[in-house]
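Colleague: Mind having a look at this structure? Questions to follow.
The values are calculated or read from the model by the stated rules, or taken from the named source; none is laboratory data. Please read all numbers here as calculations on a predicted model, not as lab measurements. Here the Cβ is made from the backbone with ideal geometry for all residues, glycine too, and neighbour counts use every protein chain on show.
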Amino acid sequence: MSAGEHTAADVAAMRRALELALRGPARGVNPRVGCVILSPDGEVIAEGWHRGAGTAHAEVDALAKLDSGAARGATAVVTLEPCNHTGHTGPCAVALIDAGIGRVVYAVADPGDHSAGGADRLRSAGVDVTAGVLDDEVEAMLDDWLFAARHRRPRVTVKWASSLDGRAAAADGTSQWITGPEARADVHRRRSAADAIAVGTGTVLADDPSLTARAPGGQFFDAQPVPVVFGRRAVPSDAAVTRHPQAPLFFEGAELHADLAELARRGIRSLFIEGGPTLASAFIAAGLVDELLVYVAPTLIGGPRLALGELGVTTIDAALRFDFAVIERLGDNLLLVARPTPT
Ligand code: AOF
Ligand code: ZN
(Lines give C-alpha, C1' and ligand atoms only; values in the text may rest on other atoms or scores of the structure.)
(Ligands and ions follow the chains in the order given, each with its own letter.)
Protein backbone atom coordinates (compact mmCIF):
# COMPACT_ATOMS: atom_id res chain seq x y z
CA MET A 1 0.00 0.00 0.00
CA SER A 2 1.41 3.40 -0.90
CA ALA A 3 0.99 6.64 1.02
CA GLY A 4 -2.57 7.99 1.17
CA GLU A 5 -4.29 4.71 0.22
CA HIS A 6 -6.56 2.71 2.47
CA THR A 7 -7.35 -0.95 3.23
CA ALA A 8 -10.42 -3.02 4.09
CA ALA A 9 -9.16 -3.01 7.71
CA ASP A 10 -9.25 0.83 7.65
CA VAL A 11 -12.86 0.78 6.46
CA ALA A 12 -13.88 -1.72 9.15
CA ALA A 13 -12.14 0.40 11.80
CA MET A 14 -13.91 3.53 10.49
CA ARG A 15 -17.29 1.74 10.83
CA ARG A 16 -16.38 1.03 14.44
CA ALA A 17 -15.24 4.65 14.96
CA LEU A 18 -18.65 5.80 13.66
CA GLU A 19 -20.38 3.57 16.23
CA LEU A 20 -18.17 4.94 18.99
CA ALA A 21 -18.87 8.52 17.88
CA LEU A 22 -22.60 7.95 18.36
CA ARG A 23 -21.99 7.40 22.09
CA GLY A 24 -21.29 11.14 22.34
CA PRO A 25 -24.03 13.78 22.78
CA ALA A 26 -26.13 14.64 19.71
CA ARG A 27 -26.44 18.32 20.73
CA GLY A 28 -24.00 20.94 21.92
CA VAL A 29 -21.14 22.97 20.49
CA ASN A 30 -18.87 20.00 19.70
CA PRO A 31 -19.26 17.23 17.12
CA ARG A 32 -19.55 13.53 17.82
CA VAL A 33 -16.15 11.96 17.08
CA GLY A 34 -14.90 8.36 17.37
CA CYS A 35 -11.38 6.91 17.13
CA VAL A 36 -9.95 3.40 16.78
CA ILE A 37 -6.23 2.63 17.05
CA LEU A 38 -4.90 -0.31 15.03
CA SER A 39 -1.57 -2.03 15.73
CA PRO A 40 0.85 -2.32 12.76
CA ASP A 41 -0.62 -5.79 12.07
CA GLY A 42 -4.19 -4.45 12.02
CA GLU A 43 -5.47 -5.42 15.51
CA VAL A 44 -7.73 -2.98 17.37
CA ILE A 45 -5.66 -1.93 20.39
CA ALA A 46 -7.69 1.05 21.68
CA GLU A 47 -10.99 2.85 21.17
CA GLY A 48 -12.13 6.31 22.18
CA TRP A 49 -14.87 8.86 21.67
CA HIS A 50 -15.66 12.46 22.52
CA ARG A 51 -18.16 13.09 25.32
CA GLY A 52 -18.84 16.78 24.70
CA ALA A 53 -17.30 20.24 25.13
CA GLY A 54 -14.68 20.41 27.86
CA THR A 55 -13.84 16.69 27.75
CA ALA A 56 -11.01 14.80 26.00
CA HIS A 57 -11.13 14.52 22.23
CA ALA A 58 -11.65 11.04 20.76
CA GLU A 59 -7.98 10.54 19.81
CA VAL A 60 -6.73 11.50 23.27
CA ASP A 61 -9.41 9.33 24.89
CA ALA A 62 -8.16 6.36 22.83
CA LEU A 63 -4.43 7.06 23.39
CA ALA A 64 -5.04 7.26 27.16
CA LYS A 65 -5.99 3.57 27.12
CA LEU A 66 -2.56 2.53 25.85
CA ASP A 67 0.69 2.04 27.78
CA SER A 68 3.44 4.45 26.83
CA GLY A 69 5.11 3.33 23.62
CA ALA A 70 2.22 1.06 22.59
CA ALA A 71 1.03 3.47 19.87
CA ARG A 72 4.42 3.55 18.13
CA GLY A 73 3.92 2.78 14.42
CA ALA A 74 0.18 2.29 14.94
CA THR A 75 -2.69 3.64 12.78
CA ALA A 76 -5.29 6.04 14.23
CA VAL A 77 -8.65 5.86 12.44
CA VAL A 78 -10.77 8.94 13.26
CA THR A 79 -14.14 10.13 11.96
CA LEU A 80 -13.00 13.79 11.87
CA GLU A 81 -9.63 15.28 10.87
CA PRO A 82 -7.56 15.54 14.08
CA CYS A 83 -7.66 19.08 15.39
CA ASN A 84 -4.75 21.51 15.31
CA HIS A 85 -5.75 23.95 18.05
CA THR A 86 -5.55 24.34 21.78
CA GLY A 87 -9.09 24.72 23.09
CA HIS A 88 -10.35 22.80 26.07
CA THR A 89 -7.58 20.32 25.23
CA GLY A 90 -4.27 20.47 23.30
CA PRO A 91 -4.08 19.73 19.55
CA CYS A 92 -4.86 16.07 18.75
CA ALA A 93 -2.41 16.19 15.82
CA VAL A 94 0.41 16.83 18.30
CA ALA A 95 -0.84 14.15 20.73
CA LEU A 96 -0.78 11.61 17.86
CA ILE A 97 2.71 12.69 16.72
CA ASP A 98 4.05 12.56 20.28
CA ALA A 99 2.61 9.06 20.76
CA GLY A 100 4.53 7.88 17.68
CA ILE A 101 1.47 7.14 15.51
CA GLY A 102 2.68 6.29 11.99
CA ARG A 103 -0.55 6.57 10.01
CA VAL A 104 -3.78 8.53 10.37
CA VAL A 105 -6.98 7.72 8.49
CA TYR A 106 -9.87 10.16 8.77
CA ALA A 107 -13.22 10.68 7.06
CA VAL A 108 -14.09 14.39 6.93
CA ALA A 109 -11.95 17.54 7.17
CA ASP A 110 -12.48 19.73 10.24
CA PRO A 111 -14.19 22.90 8.93
CA GLY A 112 -13.41 24.89 12.09
CA ASP A 113 -11.62 28.26 11.78
CA HIS A 114 -9.08 27.46 14.47
CA SER A 115 -9.12 23.68 14.58
CA ALA A 116 -8.38 22.90 10.89
CA GLY A 117 -4.89 22.10 9.65
CA GLY A 118 -4.32 18.89 11.62
CA ALA A 119 -3.71 16.79 8.50
CA ASP A 120 -0.98 19.16 7.25
CA ARG A 121 0.67 19.17 10.64
CA LEU A 122 0.68 15.36 10.75
CA ARG A 123 2.14 15.14 7.23
CA SER A 124 4.87 17.64 8.10
CA ALA A 125 5.84 15.36 10.99
CA GLY A 126 6.17 12.41 8.58
CA VAL A 127 2.86 10.73 9.43
CA ASP A 128 1.11 9.01 6.49
CA VAL A 129 -2.37 10.60 6.21
CA THR A 130 -5.41 9.26 4.33
CA ALA A 131 -8.64 11.28 4.07
CA GLY A 132 -12.15 10.50 2.86
CA VAL A 133 -12.72 6.96 4.20
CA LEU A 134 -16.52 6.55 4.74
CA ASP A 135 -16.85 10.30 4.37
CA ASP A 136 -20.49 10.05 3.16
CA GLU A 137 -21.50 8.22 6.35
CA VAL A 138 -19.68 10.70 8.57
CA GLU A 139 -21.11 13.65 6.60
CA ALA A 140 -24.58 12.20 7.29
CA MET A 141 -23.89 11.68 11.01
CA LEU A 142 -22.50 15.21 11.44
CA ASP A 143 -24.90 16.81 8.94
CA ASP A 144 -26.20 19.69 11.06
CA TRP A 145 -22.90 20.21 12.91
CA LEU A 146 -20.94 20.43 9.63
CA PHE A 147 -23.56 22.75 8.12
CA ALA A 148 -23.32 25.11 11.11
CA ALA A 149 -19.50 24.96 11.16
CA ARG A 150 -19.19 25.57 7.39
CA HIS A 151 -21.82 28.32 7.14
CA ARG A 152 -21.22 29.82 10.60
CA ARG A 153 -24.96 29.67 11.24
CA PRO A 154 -27.63 27.07 12.06
CA ARG A 155 -29.68 25.42 9.32
CA VAL A 156 -32.91 27.44 9.20
CA THR A 157 -36.40 26.05 8.64
CA VAL A 158 -39.47 28.30 8.38
CA LYS A 159 -42.82 26.76 9.18
CA TRP A 160 -46.32 28.05 8.70
CA ALA A 161 -49.85 26.68 8.47
CA SER A 162 -52.25 28.28 6.03
CA SER A 163 -55.50 27.92 4.18
CA LEU A 164 -55.57 27.04 0.46
CA ASP A 165 -55.31 30.74 -0.28
CA GLY A 166 -52.22 31.27 1.89
CA ARG A 167 -53.95 32.90 4.86
CA ALA A 168 -52.53 32.18 8.32
CA ALA A 169 -55.37 33.77 10.34
CA ALA A 170 -58.87 35.20 10.02
CA ALA A 171 -59.59 38.92 10.08
CA ASP A 172 -60.17 38.88 13.86
CA GLY A 173 -56.71 37.33 14.35
CA THR A 174 -57.93 33.85 15.29
CA SER A 175 -55.45 31.34 13.95
CA GLN A 176 -55.58 28.26 16.19
CA TRP A 177 -56.50 24.99 14.54
CA ILE A 178 -56.03 26.08 10.92
CA THR A 179 -54.62 22.60 10.43
CA GLY A 180 -55.71 19.24 11.89
CA PRO A 181 -54.30 16.98 14.63
CA GLU A 182 -51.99 14.98 12.32
CA ALA A 183 -50.33 18.16 11.07
CA ARG A 184 -49.96 19.51 14.61
CA ALA A 185 -48.36 16.24 15.78
CA ASP A 186 -45.94 16.47 12.86
CA VAL A 187 -44.97 20.03 13.87
CA HIS A 188 -44.25 18.93 17.43
CA ARG A 189 -42.06 16.01 16.28
CA ARG A 190 -40.09 18.38 14.08
CA ARG A 191 -39.83 20.97 16.88
CA SER A 192 -38.32 18.30 19.11
CA ALA A 193 -35.70 17.46 16.47
CA ALA A 194 -34.55 21.11 16.19
CA ASP A 195 -31.98 22.65 18.52
CA ALA A 196 -33.90 25.93 18.81
CA ILE A 197 -37.29 27.34 17.95
CA ALA A 198 -37.85 31.01 17.20
CA VAL A 199 -40.76 33.45 17.19
CA GLY A 200 -41.05 37.23 16.94
CA THR A 201 -42.13 39.40 19.85
CA GLY A 202 -45.39 40.09 17.99
CA THR A 203 -46.26 36.40 18.18
CA VAL A 204 -45.32 36.23 21.88
CA LEU A 205 -47.67 39.16 22.58
CA ALA A 206 -50.50 37.88 20.33
CA ASP A 207 -50.44 34.11 20.96
CA ASP A 208 -48.29 33.58 24.10
CA PRO A 209 -46.83 30.30 22.68
CA SER A 210 -45.08 27.86 25.05
CA LEU A 211 -42.59 26.76 22.32
CA THR A 212 -42.34 23.32 23.88
CA ALA A 213 -42.38 20.05 21.89
CA ARG A 214 -45.24 17.83 23.08
CA ALA A 215 -46.84 14.52 22.17
CA PRO A 216 -50.57 14.63 21.23
CA GLY A 217 -51.44 13.74 24.88
CA GLY A 218 -49.55 16.82 26.11
CA GLN A 219 -46.47 15.01 27.49
CA PHE A 220 -43.18 16.79 26.85
CA PHE A 221 -40.70 15.10 24.52
CA ASP A 222 -37.31 14.45 26.15
CA ALA A 223 -35.56 16.77 23.69
CA GLN A 224 -36.79 20.36 24.03
CA PRO A 225 -35.54 23.05 21.62
CA VAL A 226 -34.14 26.27 23.10
CA PRO A 227 -36.75 29.03 22.71
CA VAL A 228 -35.49 32.12 20.88
CA VAL A 229 -37.39 35.42 20.70
CA PHE A 230 -36.55 38.02 18.03
CA GLY A 231 -37.71 41.62 18.24
CA ARG A 232 -37.59 44.86 20.14
CA ARG A 233 -40.91 44.80 21.93
CA ALA A 234 -40.84 43.93 25.64
CA VAL A 235 -41.88 40.39 26.53
CA PRO A 236 -44.12 40.24 29.62
CA SER A 237 -42.39 38.64 32.61
CA ASP A 238 -45.20 36.07 32.87
CA ALA A 239 -45.12 35.05 29.18
CA ALA A 240 -45.41 31.27 28.71
CA VAL A 241 -42.00 31.17 27.00
CA THR A 242 -40.34 32.22 30.29
CA ARG A 243 -41.56 28.92 31.83
CA HIS A 244 -39.96 26.82 29.07
CA PRO A 245 -37.63 24.06 30.44
CA GLN A 246 -34.77 25.77 28.55
CA ALA A 247 -33.94 29.43 29.27
CA PRO A 248 -35.09 31.61 26.35
CA LEU A 249 -32.58 33.64 24.31
CA PHE A 250 -33.52 37.15 23.18
CA PHE A 251 -32.26 39.00 20.10
CA GLU A 252 -33.33 42.38 18.76
CA GLY A 253 -33.30 40.94 15.26
CA ALA A 254 -31.75 43.99 13.58
CA GLU A 255 -28.76 41.95 12.32
CA LEU A 256 -29.97 38.47 11.50
CA HIS A 257 -26.60 37.22 10.18
CA ALA A 258 -24.90 38.20 13.44
CA ASP A 259 -27.70 36.72 15.53
CA LEU A 260 -27.46 33.40 13.68
CA ALA A 261 -23.67 33.37 14.08
CA GLU A 262 -24.14 33.84 17.82
CA LEU A 263 -26.65 30.97 17.94
CA ALA A 264 -24.14 28.73 16.11
CA ARG A 265 -21.43 29.67 18.63
CA ARG A 266 -23.82 28.54 21.36
CA GLY A 267 -24.13 25.12 19.74
CA ILE A 268 -27.47 25.72 17.93
CA ARG A 269 -27.15 23.76 14.67
CA SER A 270 -30.79 23.87 13.53
CA LEU A 271 -33.34 26.64 14.02
CA PHE A 272 -37.08 26.25 13.51
CA ILE A 273 -38.87 29.55 12.84
CA GLU A 274 -42.54 29.46 13.79
CA GLY A 275 -43.68 32.97 13.01
CA GLY A 276 -45.14 35.33 12.77
CA PRO A 277 -45.20 36.54 9.18
CA THR A 278 -42.87 39.48 9.86
CA LEU A 279 -40.08 37.33 11.31
CA ALA A 280 -40.46 34.60 8.69
CA SER A 281 -40.37 37.17 5.87
CA ALA A 282 -37.29 38.87 7.30
CA PHE A 283 -35.34 35.59 7.31
CA ILE A 284 -36.54 34.64 3.82
CA ALA A 285 -35.81 38.08 2.35
CA ALA A 286 -32.30 37.93 3.86
CA GLY A 287 -31.66 34.63 2.06
CA LEU A 288 -31.15 32.82 5.35
CA VAL A 289 -33.74 30.06 4.96
CA ASP A 290 -32.82 26.51 3.96
CA GLU A 291 -36.23 24.88 4.09
CA LEU A 292 -39.93 25.80 4.17
CA LEU A 293 -42.47 23.57 5.92
CA VAL A 294 -45.92 24.60 4.74
CA TYR A 295 -48.99 22.89 6.20
CA VAL A 296 -52.00 23.57 3.98
CA ALA A 297 -55.62 23.10 5.08
CA PRO A 298 -58.38 22.70 2.45
CA THR A 299 -60.09 25.93 3.54
CA LEU A 300 -60.47 29.46 2.22
CA ILE A 301 -60.18 32.44 4.54
CA GLY A 302 -59.53 35.43 2.27
CA GLY A 303 -58.71 38.86 3.60
CA PRO A 304 -55.46 40.44 4.73
CA ARG A 305 -53.87 37.90 7.13
CA LEU A 306 -51.25 36.33 4.88
CA ALA A 307 -48.75 33.72 6.02
CA LEU A 308 -45.88 35.99 4.92
CA GLY A 309 -45.29 39.71 4.79
CA GLU A 310 -43.22 41.76 2.37
CA LEU A 311 -40.33 39.96 0.64
CA GLY A 312 -39.16 42.82 -1.57
CA VAL A 313 -40.47 41.11 -4.71
CA THR A 314 -42.02 43.77 -6.97
CA THR A 315 -42.05 41.94 -10.29
CA ILE A 316 -42.77 38.29 -11.08
CA ASP A 317 -39.30 37.61 -12.48
CA ALA A 318 -37.96 38.37 -9.01
CA ALA A 319 -40.12 35.71 -7.29
CA LEU A 320 -38.06 33.56 -4.93
CA ARG A 321 -37.81 30.06 -6.36
CA PHE A 322 -38.05 26.78 -4.44
CA ASP A 323 -38.20 23.09 -5.30
CA PHE A 324 -40.63 20.73 -3.61
CA ALA A 325 -38.65 18.12 -1.67
CA VAL A 326 -41.65 16.42 -0.02
CA ILE A 327 -45.41 16.45 -0.64
CA GLU A 328 -47.24 14.48 2.04
CA ARG A 329 -50.85 14.03 3.10
CA LEU A 330 -51.44 14.44 6.85
CA GLY A 331 -55.10 13.69 7.54
CA ASP A 332 -57.09 16.43 5.73
CA ASN A 333 -53.99 18.59 5.25
CA LEU A 334 -50.96 18.66 3.01
CA LEU A 335 -47.38 19.09 4.14
CA LEU A 336 -45.19 20.75 1.52
CA VAL A 337 -41.45 20.81 2.15
CA ALA A 338 -39.67 23.20 -0.21
CA ARG A 339 -36.00 24.15 -0.51
CA PRO A 340 -34.48 27.14 -2.32
CA THR A 341 -33.65 26.30 -5.93
CA PRO A 342 -29.86 26.23 -6.20
CA THR A 343 -28.64 29.23 -8.23
C1 AOF B 1 -10.81 16.18 17.29
N2 AOF B 1 -11.28 15.16 18.06
O3 AOF B 1 -12.81 14.27 19.40
C4 AOF B 1 -13.21 16.41 18.58
C5 AOF B 1 -12.74 17.46 17.73
O6 AOF B 1 -13.30 23.16 22.53
P7 AOF B 1 -12.50 21.97 22.16
O8 AOF B 1 -11.07 22.07 22.52
O9 AOF B 1 -13.13 20.67 22.65
O10 AOF B 1 -12.47 21.89 20.56
C11 AOF B 1 -13.65 21.72 19.84
C12 AOF B 1 -13.35 21.67 18.35
O13 AOF B 1 -12.43 20.61 18.08
C14 AOF B 1 -14.60 21.36 17.54
O15 AOF B 1 -15.25 22.52 17.11
C16 AOF B 1 -14.04 20.59 16.36
O17 AOF B 1 -13.51 21.47 15.37
C18 AOF B 1 -12.90 19.82 17.01
N19 AOF B 1 -13.46 18.58 17.56
N20 AOF B 1 -11.54 17.29 17.11
O21 AOF B 1 -9.68 16.11 16.78
C22 AOF B 1 -12.43 15.23 18.70
N23 AOF B 1 -14.39 16.53 19.26
ZN1 ZN C 1 -8.78 17.27 18.92
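Colleague: Does the range 11-52 hold any residues that are part of a loop (DSSP other than H, G, I, E, B), small (Gly, Ala, Ser) and either within 16 Å of ligand 2 (Cβ to nearest atom) or touching a strand residue (DSSP E or B) at 6+ places or on another chain (Cβ under 7 Å) (or both), and which are they?
Modeller: Once the filter is applied, which keeps residues that are part of a loop (DSSP other than H, G, I, E, B), small (Gly, Ala, Ser) and either within 16 Å of ligand 2 (Cβ to nearest atom) or touching a strand residue (DSSP E or B) at 6+ places or on another chain (Cβ under 7 Å) (or both), the range 11-52 yields Gly24, Gly28, Ser39, Gly52.
Colleague: If the requirement is being closer than 26 Å to Ala53 by Cα, among the small types (Gly, Ala, Ser) and without any contact (Cβ under 8 Å) to a residue 12 or more places away in the chain, which of these qualifies: Ala247, Ala258? Walk me through it before giving the result.
Modeller: Details: Ala247 fails: without any contact (Cβ under 8 Å) to a residue 12 or more places away in the chain.
From the options Ala247, Ala258, the qualifying one is Ala258.
Colleague: Looking at the range 47-60, I want the residues that are among the aromatic types (Phe, Trp, Tyr) and have a partner that is within 11 Å of ligand 2 (Cβ to nearest atom) with Cβ atoms under 6 Å, at least 6 apart or on another chain. Which pairs are those?
Modeller: If the second residue must be within 11 Å of ligand 2 (Cβ to nearest atom), the pairs left are Trp49/Ala58.
Colleague: Tally time: how many residues in the range 61-105 are of a type in the set (Ser, Thr, Tyr) and without any contact (Cβ under 8 Å) to a residue 12 or more places away in the chain?
Modeller: 2
Colleague: Oh, and also: Applying the selection to the range 125-150, what residues are without any contact (Cβ under 8 Å) to a residue 24 or more places away in the chain and more than 10 Å from the chain's Cα centre (by Cα)? Step through it out loud before you land on a result.
Modeller: At the first step, the residues of the range 125-150 found to be without any contact (Cβ under 8 Å) to a residue 24 or more places away in the chain are 126, 136, 140, 143.
Gly126, Asp136, Ala140 - these are the residues of the range 125-150 that are without any contact (Cβ under 8 Å) to a residue 24 or more places away in the chain and more than 10 Å from the chain's Cα centre (by Cα).
Colleague: Tell me, which residue of the range 102-122 that is over 14 Å from Pro91 (Cβ atoms) and either among the charged types (D, E, K, R) or not assigned by the TED database to the domain that holds Thr75 (or both) is farthest from ligand 1 (Cβ to nearest atom)?
Modeller: Arg103
Colleague: Return the only residue of Leu18, Leu22 being in contact (Cβ under 8 Å) with a residue 60 or more places away in the chain, surrounded by fewer than 17 Cβ atoms within 10 Å (Cβ to Cβ) and within 30 Å of Gln224 (Cβ to Cβ).
Modeller: Working: Leu18 fails: surrounded by fewer than 17 Cβ atoms within 10 Å (Cβ to Cβ).
Matching residue, one of Leu18, Leu22: Leu22.
Colleague: Scan the range 73-89 for residues that are away from ligand 2 (no atom under 11 Å from the Cβ) and not small (Gly, Ala, Ser) and jot them down. It would help to see each step written out before you state the result.
Modeller: Narrowing the range 73-89 to residues away from ligand 2 (no atom under 11 Å from the Cβ): 73-77, 79.
Answer for the range 73-89, where residues must be away from ligand 2 (no atom under 11 Å from the Cβ) and not small (Gly, Ala, Ser): Thr75, Val77, Thr79.
Colleague: Can you find even one residue in the range 32-39 that is among the polar types (S, T, N, Q) and in contact (Cβ under 8 Å) with a residue 12 or more places away in the chain? Give the steps one after another, and end with the answer.
Modeller: Step one: list which residues in the range 32-39 are among the polar types (S, T, N, Q), which gives 39.
Next cut, in contact (Cβ under 8 Å) with a residue 12 or more places away in the chain only: 39.
Scanning the range 32-39, I find at least one residue that is among the polar types (S, T, N, Q) and in contact (Cβ under 8 Å) with a residue 12 or more places away in the chain, so the answer is yes.
Colleague: Which residues, taken from the range 301-328, are exposed (fewer than 10 other Cβ atoms within 10 Å of the Cβ) and touching a residue at least 60 places away in the same chain (Cβ under 8 Å)?
Modeller: Pro304
Colleague: Testing Leu96 on (1) at pLDDT 95 or above; (2) more than 8 Å from ligand 1 (Cβ to nearest atom); (3) farther than 17 Å from Leu38 by Cβ, one condition comes back false. Which one is that?
Modeller: Unmet condition: (3).
Colleague: Does the range 53-72 contain any residue that is more than 15 Å from ligand 2 (Cβ to nearest atom) and in contact with a helix residue (DSSP H, G or I) (Cβ under 7 Å, 6 or more places away or on another chain)? It would help to see each step written out before you state the result.
Modeller: Residues of the range 53-72 more than 15 Å from ligand 2 (Cβ to nearest atom): 65-72.
In the following step, the residues that additionally are in contact with a helix residue (DSSP H, G or I) (Cβ under 7 Å, 6 or more places away or on another chain) were identified as 71.
Taking every residue of the range 53-72 in turn, at least one turns out to be more than 15 Å from ligand 2 (Cβ to nearest atom) and in contact with a helix residue (DSSP H, G or I) (Cβ under 7 Å, 6 or more places away or on another chain).
Colleague: Same structure, new question: Select, from Leu288, Leu292, Leu271, the only residue that is hydrophobic (A, V, I, L, M, F, W, C), buried (at least 19 other Cβ atoms within 10 Å of the Cβ) and assigned to a loop (DSSP other than H, G, I, E, B).
Modeller: Working: Leu292 fails: assigned to a loop (DSSP other than H, G, I, E, B); Leu271 fails: assigned to a loop (DSSP other than H, G, I, E, B).
Sole residue among the options that is hydrophobic (A, V, I, L, M, F, W, C), buried (at least 19 other Cβ atoms within 10 Å of the Cβ) and assigned to a loop (DSSP other than H, G, I, E, B): Leu288.
Colleague: Then there's this: Scan (1) in contact with a Leu (Cβ under 8 Å, 6 or more places away or on another chain); (2) within 16 Å of ligand 1 (Cβ to nearest atom) for the single condition Arg51 breaks and write down its number.
Modeller: (1)
Colleague: Can you spot a residue in the range 156-164 that is over 17 Å from the mean Cα position of the chain (by Cα) and surrounded by fewer than 20 Cβ atoms within 10 Å (Cβ to Cβ)?
Modeller: Of the residues in the range 156-164, the ones over 17 Å from the mean Cα position of the chain (by Cα) are 160-164.
If we keep only those that are surrounded by fewer than 20 Cβ atoms within 10 Å (Cβ to Cβ) too, we end up with 164.
Yes.
Colleague: Filter the range 113-139 for residues that are among the hydroxyl-bearing types (Ser, Thr, Tyr) and loosely packed, with under 14 Cβ neighbours inside 10 Å and give the result. Give the steps one after another, and end with the answer.
Modeller: Residues of the range 113-139 that are among the hydroxyl-bearing types (Ser, Thr, Tyr), as a first pass: 115, 124, 130.
Hit for the range 113-139 is Ser124, nothing else.
Colleague: Of the conditions (1) in contact with a Pro (Cβ under 7 Å, 6 or more places away or on another chain); (2) under 26 Å from Gly267 (Cβ atoms); (3) in the same structural domain as Leu263 (by the TED database), Cys83 clears all except one; give me its number.
Modeller: Evaluating Cys83 over (1) in contact with a Pro (Cβ under 7 Å, 6 or more places away or on another chain); (2) under 26 Å from Gly267 (Cβ atoms); (3) in the same structural domain as Leu263 (by the TED database) leaves (3) as the failure.
Colleague: Separate question: Without any contact (Cβ under 8 Å) to a residue 60 or more places away in the chain and more than 22 Å from Asp290 (Cβ to Cβ): is that true of Pro227 in this structure? Talk me through it step by step, then tell me what you get.
Modeller: Details: without any contact (Cβ under 8 Å) to a residue 60 or more places away in the chain: yes; more than 22 Å from Asp290 (Cβ to Cβ): no.
No.
Colleague: Can you give me the number of residues within the range 54-78 that are within 11 Å of ligand 1 (Cβ to nearest atom) and either closer than 22 Å to Asp135 by Cβ or buried (at least 18 other Cβ atoms within 10 Å of the Cβ) (or both)?
Modeller: Filtering the range 54-78 down to residues within 11 Å of ligand 1 (Cβ to nearest atom) leaves 54-62, 76, 78.
Narrowing further to those that are either closer than 22 Å to Asp135 by Cβ or buried (at least 18 other Cβ atoms within 10 Å of the Cβ) (or both): 56-62, 76, 78.
Within the range 54-78, residues that are within 11 Å of ligand 1 (Cβ to nearest atom) and either closer than 22 Å to Asp135 by Cβ or buried (at least 18 other Cβ atoms within 10 Å of the Cβ) (or both) number 9.
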